[in-house]
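Structure first, commentary second.
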Amino acid sequence: MRDLPISDFLVISAGAILGANARWFVSRYAARILGPVFPYGTLFINVSGSFVVGFFMIWASARVLLDPRWRLLVVVGFCGAFTTFSSFAFETMAYFEQGQFLMMLGNFLSNNLLCLGSVVAGMAAARSV
């Protein structure tokens, strides 16, 4: 393993700060607009973050050949802090413990299917530009 320069850590940290704050804002906004019954904010965050990862990885490596630090900023830093798999897992299991099996299934399927679809859509979008 090569020594990682401090600049890599700073790039990741900058992306993570932006991603974490975007996650907080989107979650709060979605709960205010759509209500707190279903975790729409988590769903939107996971789907949009999946799209960004799919798009950026193809675009940055096959289309424009960006400096690898951009991947650290966008994918590792921003999307790593923005997407909410741990929140998704907790919310899904909370529905299970409460006996809300349809909500649990809806949350599980919508996050998994829409996020996988978003990665594919992001990859396709990047290949088309």
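Within the range 33-64, the set of residues being surrounded by fewer than 17 Cβ atoms within 10 Å (Cβ to Cβ), closer than 14 Å to residue 129 by Cβ and not polar (S, T, N, Q) comprises 62, 63, 64. Closer than 11 Å to residue 126 by Cβ, in contact (Cβ under 8 Å) with a residue 60 or more places away in the chain and out of contact with any strand residue (DSSP E or B) (no Cβ under 9 Å at 6 or more places or on another chain): is that true of residue 54 in this structure? Criteria met by residue 54. Considering (1) modelled with pLDDT of 95 or more; (2) within 21 Å of residue 113 (Cβ to Cβ); (3) not aromatic (Phe, Trp, Tyr), the lone condition that residue 33 does not fulfil carries the number (2). Consider the range 6-32 and keep the residues that are buried (at least 16 other Cβ atoms within 10 Å of the Cβ) and among the β-branched types (Val, Ile, Thr). The one that is nearest to the chain's Cα centre (by Cα) is 26. Number of residues in the range 70-129 that are among the charged types (D, E, K, R), surrounded by fewer than 13 Cβ atoms within 10 Å (Cβ to Cβ) and without any contact (Cβ under 8 Å) to a residue 60 or more places away in the chain: the value is 1. Taking first residues from the range 16-44 that are without any contact (Cβ under 8 Å) to a residue 60 or more places away in the chain and partners that are surrounded by fewer than 16 Cβ atoms within 10 Å (Cβ to Cβ) and of a type in the set (Phe, Trp, Tyr), the Cβ contacts under 8 Å between residues at least 6 apart in sequence or on separate chains come to 41/29.
The values are calculated or read from the model by the stated rules, or taken from the named source; none is laboratory data. Because the structure is predicted, anything quoted here is derived from the model rather than measured. Cβ sites come from the backbone with ideal geometry, for glycine too, and all protein chains shown count toward neighbours.
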